[in-house]
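Report on the structure given below.
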Amino acid sequence: MDRLLRRFLSHFIRRGSLTVTSASGSKFTFGDGSGEPVAVRFLTADAERRILINPELGLGEAYMDGDFVVEHGSLADALAILLDQPDLLPQWAKPWWHLRYLTRHLKQFNPRSRARSNVAHHYDLDARLYSLFLDADKQYSCAYFETPETTLDDAQLAKKRHIAAKLLIGSGQRLLDIGSGWGGLGLYLAEIGGADVTGVTLSTEQLQIANSRAAEKGLSGSARFLLEDYRDIDGPFDRIVSVGMFEHVGARFYDTYFERCAELLSEDGIMLLHSIGRSQGPDSTNPWIAKYIFPGGYIPAVSEVLPAIEHAGLLVCDIEILRLHYAETLKAWRERFMARREEAVQFYDERFALMWEFYLAACEMTFRKQAMMNFQIQLTKRQGVVPITRDYIAREEARLRAIEGGAKPRLKLAGE
């Protein structure tokens with residue numbers, strides 16, 4: 001086993017400095033010696049076999065089971081080396097990739113019933129878990145870091161402001177929030193933007209918290225949240241926004257998604273789609289993420305999204321790529337989670353905490369080292385709805401920032 005491990009890893013790890021101790025006690029160092037050295041250990045031969053057979057699935061499982069440990073440096077440091085190699089995948093893992101790619105549409109088949117169960121798998125976890133690492137407003141999507149010194153809470157507020165500016169949000173406009181989460185964005189658009197907000201989610205946990213927050217802030221009349229599939233909601237709406245939900249649609253449903261959005265959007269309406277994206281074309285979902293974190297999920301390439309927008313008859317007015325903003329968001333989440341990790345163990349168990357640690361660290365390093373990003377696409381149904389230059393975004397942000405300054409202090413639910 002040692003010989004196989006050394007042979008396979010030496011071909012893959014050509015950057016950095018990674019020392020691997022096998023289950024038998026043998027030590028091997030891989031890479032070109034650059035950067036801070038990191039040392040890891042396999043505690044069982046079974047963990048080594050899993051890595052050699054299917055590394056994308058096996059590494060995360062071995063870490064969750066406690067059979068793969070980091071002895072020098074952190075898990076994030078180890079993953080930074082593994083995800084920064086010349087080849088995105090080890091050669092021996094590519095047959096698995098081809099199989100996943102050929103069957104990806106089956107795994108992304110998300111009719112209403114399956115979409116609801118997929119959402120429940122991740123978002124109906126104990127709400128206290130998310131309070132361990134999210135900002136005070138429970139924004140579970142890429143933040144917008146205006147400066148390197150911006151805090152997570154300020155970056156999430158800047159994200160909401162940036163989105164509202166692109167929507168040219170105005171008082172009394174009917175707005176649909178597809179995938180409304182815990183209600184933070186919808187409540188911002190109602191309170192600061194003056195919109196009449198309808199949010200839809202498939203998570204019962206998120207629904208309860210969002211409506212409780214609306215009531216607490218006295219916004220129940222202008223912000224209501226429904227347990228509803230976007231395909232079943234009635235329109236029309238002056239504005240549509242969707243943040244962090246499109247990743248759960250599945251590539252074969254892109255036409256359905258944009259056709260329904262076109263039906264729901266008024267003739268003078270504006271839509272803003274915010275999603276994780278790939279910069280290097282279509283791919284398949286990482287098997288560990290699909291199994292343990294986001295079943296049915298898929299991160300789209302922009303080249304997969306634009307044809308569906310065109311087929312729906314919508315016009316692209318603006319595309320912005322947010323580079324490294326999600327890496328910084330995930331770093332903040334990871335550091336916050338690790339600071340309160342023992343509470344996660346109390347909510348669930350040690351294996352769950354290891355799983356969540358691996359999830360946050362792996363995602364951060366994927367966005368930091370590989371070709372992942374976030375995109376915001378602004379859509380309309382006709383020309384002339386938005387200004388012809390982007391100057392208005394900064395002006396709108398300044399206007400919204402002034403309103404924020406006069407808003408009431410945020411109230412908190414018990415336990416937050």
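A few points about this structure:
- Counted residues, the stretch 152-185 - those being β-branched (V, I, T) and within 20 Å of M373 (Cα to Cα): 1
- Residue within the stretch 272-289 that is out of contact with any Pro (no Cβ under 6 Å at 6 or more places or on another chain), within 18 Å of L79 (Cβ to Cβ) and surrounded by fewer than 16 Cβ atoms within 10 Å (Cβ to Cβ) present: no
- Test: residue in the stretch 224-235 that is in a helix (DSSP H, G or I), open to solvent by 20 Å² or more (accessible area, probe 1.4 Å) and not β-branched (V, I, T): yes
- Applying a threshold of 7 Å to beta carbon distances and a minimum spacing of six or more residues, or different chains, the list of pairs starting in the stretch 267-283 at a residue that is modelled with pLDDT of 95 or more and ending at one that is exposed (fewer than 14 other Cβ atoms within 10 Å of the Cβ) and in a loop (DSSP other than H, G, I, E, B) reads E267/R382.
- Residue match in the stretch 3-20 (condition: farther than 19 Å from Q370 by Cβ, at pLDDT 95 or above, part of a helix (DSSP H, G or I) and touching a strand residue (DSSP E or B) at 6+ places or on another chain (Cβ under 6 Å)): no
- Members of the stretch 44-64 found to be of a type outside the set (S, T, N, Q) and more than 21 Å from Y359 (Cα to Cα), listed by number: A45, D46, R49
- Subset of the stretch 65-83 that is part of a helix (DSSP H, G or I) and either free of Cβ contacts under 8 Å to residues at least 40 places away in the same chain or more than 18 Å from F352 (Cα to Cα) (or both) - its residue that is most open to solvent (accessible area, probe 1.4 Å): D77
- Whichever residue in the stretch 193-208 is over 20 Å from the mean Cα position of the chain (by Cα) and surrounded by fewer than 21 Cβ atoms within 10 Å (Cβ to Cβ) and, among such residues, is nearest to S171 (Cα to Cα): G194
- None of S303, S266 is of a type in the set (S, T, Y), closer than 20 Å to Q383 by Cβ and open to solvent by 10 Å² or more (accessible area, probe 1.4 Å) except S266.
- Any hit, the stretch 325-334, residues being within 20 Å of Y63 (Cβ to Cβ) and open to solvent by 30 Å² or more (accessible area, probe 1.4 Å): yes
- Test: V305 is more than 30 Å from L59 (Cα to Cα) and in a loop (DSSP other than H, G, I, E, B): no
- Number of positions in the stretch 158-215 that are of a type in the set (S, T, N, Q) and without any contact (Cβ under 8 Å) to a residue 40 or more places away in the chain: 4
Rundown of residues vs (1) more than 23 Å from G193 (Cα to Cα); (2) under 19 Å from the mean Cα position of the chain (by Cα); (3) of a type in the set (V, I, T), yes/no style:
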| residue | (1), (2), (3) |
| --- | --- |
| G218 | no, no, no |
| F237 | no, no, no |
| E247 | yes, yes, no |
| Y254 | yes, yes, no |
| F258 | yes, no, no |
| C261 | no, no, no |
| L264 | no, no, no |
| E267 | no, no, no |
| S284 | yes, yes, no |
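- Pairs with Cβ under 8 Å, 6+ apart, first in the stretch 377-391 and under 25 Å from E304 (Cα atoms), second of a type in the set (G, A, S) and surrounded by fewer than 13 Cβ atoms within 10 Å (Cβ to Cβ): K381/G313
- Qualifying residue in the stretch 29-44 (condition: part of a helix (DSSP H, G or I) and acidic (D, E)): no
- Scanning the stretch 139-192 for residues that are more than 19 Å from Y326 (Cα to Cα) and surrounded by fewer than 20 Cβ atoms within 10 Å (Cβ to Cβ) yields a total of 5.
- Applying a threshold of 7 Å to beta carbon distances and a minimum spacing of six or more residues, or different chains, the list of pairs starting in the stretch 23-52 at a residue that is open to solvent by 60 Å² or more (accessible area, probe 1.4 Å) and ending at one that is part of a helix (DSSP H, G or I) reads S24/D2; E36/D77.
- All conditions but one from (1) open to solvent by 40 Å² or more (accessible area, probe 1.4 Å); (2) part of a helix (DSSP H, G or I); (3) over 22 Å from M372 (Cα atoms); (4) modelled with pLDDT of 95 or more apply to A62; the one that does not is (1).
The values are calculated or read from the model by the stated rules, or taken from the named source; none is laboratory data. None of the values given here were measured: they were computed from a predicted structure. As a convention, Cβ positions derive from the backbone with ideal geometry for all residues, glycine included, and neighbour counts pool all protein chains shown. Only protein heavy atoms, including side chains, enter the accessible area calculation; ligands, DNA and RNA are left aside. Shrake-Rupley method; radii C 1.70, N 1.55, O 1.52, S 1.80 Å.
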